[in-house]
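Peer 1: Structure below; questions to follow.
Values in this text are rule-based calculations from the coordinates and carry no lab data. Owing to the predicted nature of the structure, the values given are computational and were not obtained by experimental measurement. Ideal geometry is used to build each Cβ from the backbone, glycine not excepted, and the neighbour counts take in all protein chains shown.
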Amino acid sequence: MQRTLVLLKPDCVQRRLMGRIISRFEDKGLNIIAMKLMRVTPELSRKHYAEHVDKPFYPSLEEFITSAPVLAMVVEGLEAITVVRDMLGATSGLKAASGTIRGDFSSSRQMNLVHASDGEEAAEREQTLYFGAGELCDYEPVATEFLRAADEG
């Protein structure tokens with residue numbers, strides 16, 4: 001089982017797409033074990049996007065991510081990092097395949113609705129930026145036995 005951070009970005013919140021996107025993760029059999037609506041501060045943005053702070057595009061990224069609330073979630077499941085990123089599609093909504101979240105709902109590179117951690121190290125680091133240990137709610141859905149074979153995790 002893996003955990004990954006997912007942010008429904010300001011454009012997703014403003015366009016009222018949160019429920020539709022959350023449903024996709026649940027339909028896939030992923031567990032949402034933490035969730036909160038919050039504002040990303042400039043300080044949190046700099047921590048989250050630390051590798052981009054010195055790049056020319058960073059000021060517009062910070063302006064965007066702090067412009068409206070985000071919905072932060074920790075999503076758990078088998079190979080959750082890869083599964084979620086595949087569900088999102090290519091970074092640019094213009095290049096994302098139909099059937100992916102970005103392919104179905106986005107037509108922008110920056111306003112691409114959703115962020116998801118790109119690897120295990122990033123997932124662990126990003127989760128601690130948005131959630132304390134006491135905010136994660138582990139549970140086993142009763143439907144698990146119908147979502148995957150017992151020997152799959």
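Peer 1: Quick one: compute the contact order of the chain, relative version, from alpha carbon pairs under 8 angstrom and 6+ residues apart, as a percent.
Peer 2: 34
Peer 1: Turning to a different aspect of this structure: In deg cm²/dmol and to the nearest 500, what is the mean residue ellipticity at 222 nm of the chain if only DSSP H runs of at least 4 residues count, each as -39500 (n - 2.57), divided by the residue total?
Peer 2: -9500 deg cm²/dmol
Peer 1: Which of rounded, prolate, oblate describes region 1-43, given a ≥ b ≥ c as roots of the alpha-carbon gyration tensor eigenvalues and a/c under 1.5 marking rounded, otherwise prolate only if a/b is larger than b/c?
Peer 2: Oblate, since a/c reaches 1.5 and b/c is not below a/b.
Peer 1: Quick one: helix 18-27 against the long Cα principal axis of the chain, what's the angle to the nearest 10°, folded into 0 to 90?
Peer 2: It works out to around 30 degrees.
Peer 1: Within the set of other residues whose C-beta is less than 14 Å from the C-beta of E120, count the net charge using Lys and Arg as +1 and Asp and Glu as -1.
Peer 2: My count for the surroundings of E120 gives -3.
Peer 1: Further question on the same structure: Chymotrypsin sites (Phe, Trp or Tyr not before Pro) within region 26-123: which are DSSP loop residues with at most 15 other Cβ atoms inside 10 Å?
Peer 2: F57
Peer 1: Here's a follow-up. Where does helix 120-130 land angle-wise versus the long Cα axis of the chain, in degrees 0 to 90, nearest 10?
Peer 2: 70
Peer 1: Continuing with the same structure: Sorting Y58, Y139, Y130 on the 10 Å Cβ count, fewest up front, what's the list?
Peer 2: Y139, Y58, Y130
Peer 1: Compute the semi-axes of the equivalent ellipsoid of region 48-118, taking the square root of 5 times each eigenvalue of the Cα gyration tensor, and list them largest first in whole Å.
Peer 2: Equivalent ellipsoid of region 48-118: 21, 16, 12 Å, largest first.
Peer 1: Let me check against my output: what whole-number percent is the relative contact order of region 72-153, with C-alpha pairs under 8 Å and at least 6 apart?
Peer 2: Computed over region 72-153, the figure is 24 percent.
Peer 1: Right, next: Using only the Cα atoms, work out Rg/Rh for the chain, with Rh taken as the Kirkwood radius, to two decimals.
Peer 2: Reported Rg/Rh (Cα atoms, Kirkwood Rh): 0.96.
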